[in-house]
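Here is the structure we will look at.
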Amino acid sequence: MRAICFTGVLLLGGAVLVTSCAGAEPEQTATVSSQRLEVYREPDSEVYVVEGDLAFDGASALRAYLERSNGPGLVVGCPESVIVKWTPSEARDLRYCVSTAFGARHAVVVNALNQAAAAWEAAANVDFIHASSFDGACTASQAGVIFDVRPVNGAAYYARAFFPNAARSARNVLIDTTAFGSIAPYTLAGLLRHELGHVLGFLHEPSATCPGQANTCPLTDPDPASVMLHWGCGRRAGDLTLSKADAQAAGFLYP
């Protein structure tokens, strides 16, 4: 089993100091000192993951997210009052590939993604399209799709996604092998409903353990049933499904 390298991030006078582990050391955790958040730096990249599955492309993007404030309900990023979302034409052509590196699990992933995509498509004017012709060469550099779906092993999450303003190299939905184990009450389709919410631009539903963020715009009142309330943030029991408020917010963002 390969080593997992975590990245420690400390806020020092507004700066971000990054340190990383190296070699085949035992798994370890690091936290953001002011907020007690675990931070995971993906191997051989500048992608940082916090709150379990929020991926940020570079230290500057992570620093902006860590400038927190209190805020209610389902939120989207809107730095300088500009909402981070896909354009109408992009939202209706969200092409993706599913790597054949999943092996015998490939069909399971394809089916779970179809279920997850259908939930968002029923609520909003978006269209996730599986471009299966690229599955055999489904990498972060594949130009024929908007994002790639690939397996990872030994990551610090079940799955992670990205936001609409990410560079192509970071536009990935990565699924760890642990997501195929015993994860009840969640299902793979439920996890992917949550991750596709990030793909559309939604952040985590704020809670006591995952407070609201600066540079965001709330779309709903607090909703403990939200699909975007992360399981590490005090989520209710049950699978991850879109609530009525989630559907309304998605329809508002992508009319």
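Since every read-out is calculated from the coordinates, none of them should be taken as a lab result. On a predicted model such as this, the values are computed, not experimentally measured, just so you know. No Cβ is skipped: glycine too gets one built from the backbone with ideal geometry, and neighbour counts run over all protein chains shown.
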Self-check item: Ranked packing of 166-175, 182-191, 243-252, most packed first, by mean Cβ within 10 Å
Solution: 166-175, 243-252, 182-191
Quiz item: Simple spin-label model, 7 Å along Cα-to-Cβ: SER89 to THR241 in nm?
Solution: 3.7
Quiz prompt | region 128-137 - phi-based ³J(HN,Hα) in whole Hz, Karplus 6.51/-1.76/1.60, Gly and Pro as x | solution = 8, 10, 7, 8, 5, 5, 9, 4, x, 10
